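The values are calculated or read from the model by the stated rules, or taken from the named source; none is laboratory data. Because the structure is a prediction, the values reported are computed rather than measured. Using ideal geometry, Cβ is built from the backbone for each residue, glycine included, and neighbour counts are taken over all protein chains shown.
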Amino acid sequence: MTEGLNPTMKQPSPWHPCLDPVELAVLGKLAEESGELTSAATRCIIQGWDESHPSTGKANSDWLLEEMADVLAGIAVTLDHFGISREELNARVEIKIEHLKGWHKLIEAQP
């Protein structure tokens, strides 16, 4: 069964893709909203926080806010669907917040 595999690589482990239609919908929507958030954040970086979309006139900051809310909604639905506690999520969030604040202080300290 391992014939033809590169012997220098780690042996593959078997996995089974998600086939449950509700799980696919929950995770697919979370991934989609995450991508849209990425696009909105990138537009703020490239064009500016206070700028607006050239066609729609929507402020980049408003679009970013909407996409952040959509991702939070997707996270809430994912937590509920998979039975993940908000306490578990919040504990990880607090750790990450402290890490990011420390990183920002390092950036601020640079000349």
Can you pull out the residues in segment 57-111 that are touching a strand residue (DSSP E or B) at 6+ places or on another chain (Cβ under 8 Å) and either part of a strand (DSSP E or B) or of a type in the set (Gly, Ala, Ser) (or both)? Ala59
On the basis of being polar (S, T, N, Q), modelled with pLDDT of 95 or more and at negative phi, does Ser55 make the cut? no
Of all residues in segment 38-56 being β-branched (Val, Ile, Thr) and in a helix (DSSP H, G or I), the one that is farthest from the chain's Cα centre (by Cα): Ile46
Looking at (1) on the phi < 0 side of the Ramachandran plot; (2) out of contact with any helix residue (DSSP H, G or I) (no Cβ under 6 Å at 6 or more places or on another chain); (3) of a type outside the set (Lys, Arg), which is the only condition Val26 fails? (2)
Those residues that are among the small types (Gly, Ala, Ser) and either surrounded by 11 or more Cβ atoms within 10 Å (Cβ to Cβ) or under 20 Å from the mean Cα position of the chain (by Cα) (or both), I need them from segment 1-37; list them, please. Ala25, Gly28, Ala31, Ser34, Gly35
Give the residues of segment 3-32 that are among the hydrophobic types (A, V, I, L, M, F, W, C) and not in a helix (DSSP H, G or I), sorted by residue number. Leu5, Met9, Trp15, Cys18, Leu19
